[in-house]
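Engineer: Okay, here's the structure, questions in a sec.
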Amino acid sequence: MGLEELYKEIQPKMYAFFYVKTQSREAAEDLTQEVFYEAVKGHGSFRGDSTVRTWLFGIAKHKLSKYYRSKKYGQELEAKLAAESRESVTPEKQVLDREDRDILLERIFRLDEGSQEIVTLRMYAELSFREIGHIIGATENSVRVRFHRIKLQLHKELEGYYER
């Protein structure tokens with residue numbers, strides 16, 4: 001597979017991964033481009049111990065950590081929180097206006113960091129359990145079991161939400 005085909009296959013998944021993690025289109029676009037730039041620049045460092053997708057998402061994980069530590073993330077988060085606090089939305093209106101996707105994302109953000117990572121890599125980056133295991137340093141089976149448990153937990157929480 002050529003570089004262009006690889007980019008076309010992985011770019012949307014990479015963007016979705018970053019968008020879910022940052023909730024910012026601009027940041028997701030920038031981070032996605034940084035990953036591919038880093039990959040092209042450092043293609044000689046790819047040893048073939050994993051798939052190219054796994055290697056790229058390893059770079060993505062590193063870029064995301066760096067982004068979270070950056071000043072820009074802090075400023076974006078502060079601006080977002082300030083905007084939310086200015087809105088006077090009733091709980092009833094929030095429930096009526098919120099889409100299913102937003103509810104799911106909210107529940108995902110309540111998970112611990114490791115669970116969030118597994119869910120976003122599986123659902124939004126569409127990586128295999130083996131690839132996720134390689135990225136987070138766990139076995140394929142343990143990732144599969146954790147994902148299943150997380151999925152059941154989210155399903156139970158969402159079921160309770162819609163019964164209200």
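Engineer: Counting only protein heavy atoms and using a 1.4 Å probe, what share of the accessible area of the range 1-45 belongs to carbon plus sulfur, as a whole percent?
Structural biologist: On the way: 1390 of 2630 Å².
Roughly 53 percent of what the probe reaches on the range 1-45 is carbon or sulfur.
Engineer: Can I ask one more? Through the Karplus equation 6.51 cos²θ - 1.76 cosθ + 1.60, θ set to phi - 60°, convert the phi angles of the range 111-118 into ³J(HN,Hα) values in whole Hz; use x for Gly and Pro.
Structural biologist: 6, 5, 4, x, 5, 4, 4, 4
Engineer: Of Met123, Met14, which has the most accessible area and how do the rest follow, probe 1.4 Å?
Structural biologist: Working: Met123 75, Met14 0 Å².
These residues rank, largest area first, as Met123, Met14.
Engineer: Return the distance in nm (one decimal) between the two label points of a simple spin-label model at Glu126 and Asn141, each offset 7 Å from Cα along Cα→Cβ.
Structural biologist: 2.9 nm
The values are calculated or read from the model by the stated rules, or taken from the named source; none is laboratory data. Keep in mind that what you see is a predicted model, and the values were worked out from it rather than measured. Because the Cβ atoms are built from the backbone with ideal geometry, glycine has one as well, and the counts that use them run over all protein chains shown. For accessibility, only protein heavy atoms count, side chains too; no ligands or nucleic acids. Shrake-Rupley method; radii C 1.70, N 1.55, O 1.52, S 1.80 Å.
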